[in-house]
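Enquirer: Shown below is the structure under consideration.
The values are calculated or read from the model by the stated rules, or taken from the named source; none is laboratory data. From a predicted model like this one, the values you see are computed outputs, not experimental measurements. In this analysis, Cβ positions are derived from the backbone assuming ideal geometry, glycine residues included, and neighbour counts consider all displayed protein chains. The area values use the complete protein model at the heavy-atom level, side chains included, leaving out ligands, DNA and RNA. Shrake-Rupley method; radii C 1.70, N 1.55, O 1.52, S 1.80 Å.
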Amino acid sequence: MKTRHLRRYACIGTLIAVGSLAGCSSSDGAADAAESTRSEAPSSPAQESASPTASAAPAFATPAECDGLQLKGGETLAGPALSKCLVAALKAYGSGTESVLSGEESGTSKFVFGDEPALAGSMTGPEGEKAYVFKGDSEWIKTPGLGKWVKGDAGSTDPQEQLVAATGKLYRVLADPAVTAQMIATAPEWTVEAERPVISLENGEDVKAWRIVNKKPYTYLGAAVREHILWFGDDFTPYGGQAESQTGGVMATTTQHFYDLGEPVTIEPPQE
């Protein structure tokens, strides 16, 4: 929970659609990112490590960080404890796929959670397709205006590299479990609702989830989050979330799904 996957949820559409970046960003950016999930070429930003002999995703065991949290209608969960559980669950899976829908923007990413989180994917909207790769402390972005992959460098004299560096830091909320934890922990209390919706994931799987909602609105990095919904399985497998937030007078609703959790993913830097 992507994110997200989580201001992630509240902010991704806005971040992806940053005006100045979109104005200088390759129409084939998303195609490149999508191709990277199935190409074996060294230049591929991301790829699944799947093969005819590859083993299935490892079995998931509920992390110890989730102990003490009860998934029962009417239960109140503390934000800090819930955030630790979420991050631990994503780290336990280690990798997966996330889809995001925010306003007129939508896209899919492959991600890796761990000591060195990484993300590779693309978003598509009215201004075209934008592809991104984050690995370690580095970020690359390719948009219609740029026409090529550009690596961010805050100390560069190249304005494009400066812009990618600044925007990349914002995109990173998608892949950084620590940022995810901060957002969820910002809301002191969450309620487990009795209603258990069926979530249709993009891989064709339908899952019955626990719906957990913030009790009161909260503010995160300047965004006023009115409603933030999280979806978990019985074993605290995260299925995603949805948030309604307001920034600078603009309302936005962002939905994110996690799926294919635990499936091997390799993310490599793109060729510039």
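Enquirer: What number comes out for accessible area per residue over the stretch 209-272 if the probe is 1.4 Å? Units Å², please.
Expert: In whole numbers, the stretch 209-272 has 42 Å² accessible per residue.
Enquirer: Which ³J(HN,Hα) values in Hz, rounded to whole numbers, follow from the phi angles of the stretch 129-146 under the Karplus curve 6.51 cos²θ - 1.76 cosθ + 1.60, where θ = phi - 60° and Gly and Pro get x?
Expert: For the stretch 129-146, the Karplus curve yields 9, 10, 10, 8, 9, 10, 8, x, 9, 10, 9, 10, 9, 10, 9, x, x, 6 Hz.
Enquirer: Exactly which trypsin sites (Lys or Arg not before Pro) in the stretch 195-272 are in a DSSP loop and have at most 14 other Cβ atoms within 10 Å? Present the calculation step by step, with values, prior to reporting the outcome.
Expert: Details: sites: Lys208, Arg211, Lys215, Arg226; in loops: Lys215.
Listed in order of number, the matching sites are Lys215.
Enquirer: Here is a follow-up. Give the ranking of Val250, Val100 by solvent-accessible surface, highest area first, calculated with a 1.4 Å probe.
Expert: So, going from the largest accessible area down, we get Val250, Val100.
Enquirer: Can you pull the percent of the stretch 196-272's accessible area that's carbon plus sulfur, 1.4 Å probe, other chains left in place? Don't skip to the end; give the middle numbers.
Expert: Working: 1620 of 3520 Å².
That fraction is 46 percent.
Enquirer: Among Phe258, Pro269, Leu170, flag the residue with its Cα farthest along the positive direction of the charge dipole of the stretch 167-272, charges on Cβ as +1 for Lys/Arg and -1 for Asp/Glu.
Expert: Leu170
Enquirer: Please turn the phi angles of the stretch 64-76 into ³J(HN,Hα) values with the Karplus equation 6.51 cos²θ - 1.76 cosθ + 1.60 (θ = phi - 60°), one per residue in order, whole Hz, x for glycine and proline.
Expert: So the Karplus estimates, Gly and Pro as x, are 4, 5, 8, 4, x, 9, 9, 8, 8, x, x, 5, 9 Hz.
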